[in-house]
Amino acid sequence: MLGESGHYGGRLVISERTEPKTLNPLTALDGTSRDIIGLISADLIHINRSSLGTEAALAKSWEMSPDGRRYTLRLRRGVRFSDGHPFDADDVVFTFEAYLDERLHSPQRELLIISGKPLRVQKLDAYTVRFELPQPYAAAERLFDSIAILPCRLLKPLYKEGKLADAWGLNTPPEQIAGLGPFRVKEYVSGQRIVLESNPYYWKIDQHGNRLPYLREIVCLLISNPDAETMRFEAGETDVISRLSAAGYSTLEKYENARGFRLYDIGPGLEYDFLFFNVNDLVSRPLGSITYKQTWFRQLAFRRAISMAIDREAIVRLVYQGRARAMWSHVTPGNKLWVNQEIPTGLHDATGARGILRNAGFFWRSDGRLIDPARKPVEFSILHNAGNVQQMQMATMIQADLKEIGIEAHAVPLEFRSMLDRIFKTYEYEAAIMALADGDADPNVEMNVWVSDGGTHVWDLTPKRKLEPWQEEVDRLMNEQLVTLDYPSRKRLYDRVQRLIWENLPVICLVGPDILVGAKKRIGNFHPAILRNHTLWNSEQLFLRQIQ
Amino acid sequence: MARYFARRILSSLLLLVSVSILSFVLLEFAPGDFYETLRLNPRVSEATVNALRSQHGVNSSLPVRYFRWVHSVSKGEWGYSLAYDSPAAPILWTRAKNTLLLTGTAMILAWIIAIPFGTWGAARRGKAPDWFVRGTTSILLAIPDLVLALLLVLCAVRSGYFPAGGMVSFDFSEMSLWAKFRDLFRHLFLPCLCLAASSFPVLLSHTRTAVLEVLESPFITAARGYGIPVRRLLFRHALPAAANPLISLFGVSIGVLLSSSVLIEVIFGWPGLGQLLLEAILQRDFFLVIDSAMLATAFLVSGNLIADVLLYACDPRVRAN
């Protein structure tokens, strides 16, 4: 996306809620580190955060072999790292060797393993590399996004000494860190800020041939409290604010004109909140009461009634102040490339929910409590993250909605990691509210969620004895779309997955919150996107209309 | 004297060892670990998460982890931060210095105000100044720290006189020495005021009560009879006699220097130990949590020790015993 021609200079002040923990792209686990690394590094093929499609980055062009297993990438010539050293195919080969090294445990390694086998990279000449995939892979081009190319000259000696994982910590002197991104590290002050300065060797130019980036500096302040972050943006101490809450957005809206900033509601992102029941196989565990309740949770009619009883529009209205979308399927309307528009949207219908339960053999006591066919009152707890205000409010509203159909639901707030411990390790929960999101819109990243033996198949993580036909179909479809290379066929397969999820409700999708951000009006080329980094994805093109 | 302090130091060391063991045992019961959230990333497999756990010894037994930590303390590293992927000591020291700057300044401010006002209130018992002192104390005690901090941040945002958070401006390194001092003062003012306001009522009440008790003693009545001026009577005779409880309280003030500002640091974005500790607890970055607990305990122990030394120096009765 070509932006407006800008002016050189100026300092952009942004904020992050947590401090970056490392500047090493291989070992970075947290979002803030990845955001900062994204500004100081570049990849071979990049996902455009605005169009969601792929675009040339350090690879100026690429070709796929007819069988879809071989990708030949031609690299840009004359590109230099931020320390002035030239970039070539050796850097690419070294980078992928490092990412794939089992000893380094890079979280991005999984991306490069296809059907259990790693992709192979080969240098053809100084500016051409070939990647060989074990099988055709639909999202192969997208694999290269966010794999930061590392300087072989600087890091290979450390790699040989087995010290690569410890390289590029926060206290590493800036001159020892080199990347291919629009900025480079200038200063890090523990607990306060990280300052990036423009990379004088950056390879991108604007439409008039001027070298990017326009900005002289980006200062990233650490402001851990969301309210303080909002207030400091309002006070003018920061120029950009990401991940605004609906409440924060409403507060700032009042001062939008007076304080010279503009707020953006760019619609739903990729994240969605959902409710799910514990249907793990608990036979070998002493969790008797949950095992009994699983007879309800495993019934489609029960899940359907719960889904129908939940007033999603009220959640949108009251929890998100209208800045979210009610969801009936797991792909948000923000994911325009993959959302199945044919999925019917439902309505809150307590009477309909009662009808479904009645047909499934449930009945009501005189005091209105729902009783199961074995004459036990229907009651369960809903686990949610105590640190997430929206989820807390959602749980309370769901509790009230379920009361309408005679179900006693108890909202149980739990500290986030304790909640994850119950969901992933001990399975001591009945139902839970969670949110899932990922850095890409492609269905491939959700393989672990929807395939029955996936590690993020949160509602049922135990080994399965027998799959239901729809689960088998989801497994087959997800594996098929993985190797189907043309978009329309993949879309058909994934549309079917969405329909199966909607019909069988392994999870009950609730809402997809909007991406809310704010920025000073004087920032040019500011086009927030639904993919992370929402605000600075085109940092090289941002400029200040009035230089400080 | 030397034997007494040697015994105190030895018992302090034993206390520190006990706290370290207790911290390890208690944290063992905390559900979840640092790598748990990685499971939420659909791109990261369970195998990778488990490999990371093994690599950093998260799965090792409690004694193994404890002795590894002791070994690392002996090397001056104080354990390993999983989040920062680096030894904990440098991370802790930088933050601890910032916390001490904030809490130390707030403590000095609170004492400087509390002592004259407490003495003044006691000297004018039942009169307007006393009512003023007691009223102020009650109001400050009634306002929760959180509310006061948020109000101050809001004032800063609306007025623009003070920065709404942080420790220094981002162009601090480019400033002249005087500008640096002013910048630091402007950032320090509100969180310091907030901290001082929360400890001030307690100090003031103690000072007032202690001085009041002394003012009723016969030697003060005798001194009054000799015609000693009121100010001299209060500050040269009454206040030193009332020093014992205040010295003990001073010891406590030193003891909580590292642990009293967690909330204020988070709200004002002060880059101290409080923010680091909160983040470490939420992330289960256990060594940072244990180190913070150890530092806080060390300060508490030192605070008590300092109070004992001061009591020994000031009170002949303690020396006699």
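With each run of n ≥ 4 DSSP H residues scored as -39500 (n - 2.57), what mean residue ellipticity at 222 nm is computed for chain A after dividing by its residue count and rounding to the nearest 500 deg cm²/dmol?
-8000 deg cm²/dmol
Using the alpha-carbon atoms, what tilt in degrees (0 to 90, nearest 10) does helix A:469-483 show relative to the longest principal axis of chain A?
Once rounded, the angle reads 10 degrees.
Which of A:E229, A:E97, A:E342 comes first, and how do the rest follow, when ranked by fewest Cβ neighbours within 10 Å?
Listed from fewest to most nearby Cβ atoms, that is A:E342, A:E97, A:E229.
Which whole-number percent is the relative contact order of the stretch B:2-88 (Cα, under 8 Å, 6+ apart)?
Relative contact order, the stretch B:2-88: 18 percent.
Which lysines does A:K60 reach when only Cα atoms under 21 Å apart count, and residues fewer than 8 places away in its own chain are ignored?
Once the sequence-local lysines are set aside, what remains near A:K60 is A:K123, A:K204.
Taking the Cα centre of the stretch B:110-254 as origin, work out the dipole magnitude from +1 charges on Lys and Arg Cβ and -1 charges on Asp and Glu Cβ, in debye rounded to 20.
Around 600 debye, computed over the stretch B:110-254.
In degrees from 0 to 90, rounded to the nearest 10, what is the angle of the helix A:487-504 Cα long axis to the longest principal axis of chain A?
Between helix and principal axis, roughly 30 degrees.
Given the stretch B:2-88, what whole percent of its Cα pairs are spread farther than 22 Å?
Roughly 41 percent, once rounded to a whole number.
Report the Rg/Rh value for the stretch A:1-75, based on alpha-carbon coordinates and the Kirkwood definition of Rh.
1.06
Taking 51 Å as R0, compute the FRET efficiency from the Cβ-Cβ separation of B:A223 and A:I371 and round it to 0.05.
Once the sixth-power term is evaluated, E becomes 0.05.
What percent does the relative contact order of chain A come to when contacts are Cα pairs within less than 8 Å and at least six residues apart?
Relative contact order, chain A: 20 percent.
Might you report the magnitude of the Cβ-based charge dipole of chain A about its Cα centre, with Lys and Arg at +1 and Asp and Glu at -1, to the nearest 20 debye?
In total the dipole reaches around 200 debye.
Alpha carbon centre of the stretch B:34-91 versus the stretch A:84-162: separation in Å?
26 Å
Give me the inter-chain shielding for A:225-235: mean count of other chain Cβ atoms within 10 Å, whole number please.
6
Count, for each residue of A:185-191, the Cβ atoms from other chains sitting within 10 Å of its Cβ, then give me the mean as a whole number.
5
Could you work out, residue by residue across A:30-37, how many beta carbons of other chains sit within 10 Å of that residue's beta carbon, and then give the average as an integer?
1
What is the angle, in °, between the Cα long axis of helix A:288-297 and the longest principal axis of the Cα atoms in chain A? Nearest 10 is fine, range 0 to 90.
It is inclined by approximately 90 degrees.
Taking A:K466 as the anchor, which lysines have their alpha carbon closer than 23 Å to its alpha carbon, excluding any fewer than eight residues away along the same chain?
Excluding near neighbours in sequence, the set is A:K293, A:K425.
For B:D285, list long-range residues whose amide hydrogen, built 1.01 Å from N in the peptide plane, is under 5 Å from its own amide hydrogen.
Here nothing satisfies the definition.
Rounded, prolate or oblate: which fits the stretch A:31-160, taking a ≥ b ≥ c as square roots of the Cα gyration tensor eigenvalues, rounded meaning a/c under 1.5, else prolate when a/b beats b/c?
Here the stretch A:31-160 falls in the rounded category.
Tell me, what ³J(HN,Hα) does each residue in the stretch A:10-27 have, in order and in whole Hz, if you take phi through Karplus 6.51 cos²θ - 1.76 cosθ + 1.60 with θ = phi - 60° and put x for Gly and Pro?
Values per residue, Gly and Pro as x: x, 10, 9, 10, 10, 9, 10, 7, 10, 6, x, 9, 7, 10, 8, x, 6, 10 Hz.
Using Cβ contacts closer than 10 Å as the measure, can you line up A:W364, A:W502, B:W78 from fewest to most?
Placing the least packed residue first, the sequence is A:W364, A:W502, B:W78.
Within the stretch A:427-479, report the trypsin sites (Lys or Arg not before Pro) that DSSP leaves as loop and that have at most 10 other Cβ atoms within 10 Å.
Of the trypsin sites (Lys or Arg not before Pro), the ones in loops of the stretch A:427-479 whose Cβ has at most 10 other Cβ atoms within 10 Å are A:R465, A:K466.
Greater than 19 Å separation of Cα atoms is the criterion. Which listed pairs, A:K376/A:K403; A:K21/A:K520; A:K254/A:K521; A:K464/A:K491; A:K117/A:K491; A:K21/A:K163, meet it?
Correct reply: A:K21/A:K520; A:K464/A:K491; A:K117/A:K491.
Assuming a ≥ b ≥ c are the square roots of the Cα gyration tensor eigenvalues, decide whether chain A counts as rounded (a/c under 1.5), prolate (otherwise, with a/b larger than b/c) or oblate.
Prolate, since a/c reaches 1.5 and a/b exceeds b/c.
Going by how many other Cβ atoms sit within 10 Å of their own, how do A:T128, B:T137 line up, fewest first?
Final ranking by Cβ density, sparse to dense: A:T128, B:T137.
What does the charge count around B:L101 come to, taking other residues whose C-beta lies under 12 Å from its C-beta (Lys +1, Arg +1, Asp -1, Glu -1)?
Around B:L101, the charge tally is +1.
Of the peptides B:50-60, A:407-417, how do they stack up when ordered by the mean number of other Cβ atoms within 10 Å, highest first?
Going from most to least packed, we get A:407-417, B:50-60.
Which value, in debye to the nearest 20, gives the size of the charge dipole of the stretch B:191-291 about its Cα centre, when Lys and Arg are +1 and Asp and Glu are -1 at the Cβ?
Result for the stretch B:191-291 is approximately 660 debye, rounded to the nearest 20.
How large is ³J(HN,Hα) for each residue in the stretch A:56-64, as worked out from phi by the Karplus curve 6.51 cos²θ - 1.76 cosθ + 1.60 (θ = phi - 60°), to whole Hz, x for Gly and Pro?
Here the 3J(HN,Hα) series is 5, 10, 6, 8, 7, 7, 8, 10, 10 Hz.
In chain B, which helices (entire DSSP H runs) extend 27 Å or more along their own long axis, judged by Cα positions, while averaging at least 1.6 on the Kyte-Doolittle scale?
Helices meeting the span and hydropathy rule in chain B are B:286-314.
Any chance you could tell me what percent of the C-alpha pair distances in the stretch A:408-548 go past 27 Å?
43 percent
Taking the alpha-carbon centroid of each part, what is the distance from the stretch A:366-421 to the stretch A:237-309 in angstrom?
What the calculation gives is 14 Å, centre to centre.
Every read-out reported here was derived from the displayed coordinates using simple, explicitly stated rules and does not represent laboratory data. In this text, all values refer to a predicted model and were calculated from it rather than measured experimentally. Please note: Cβ atoms are built from the backbone with ideal geometry, for glycine as well, and neighbour counts cover all protein chains shown.
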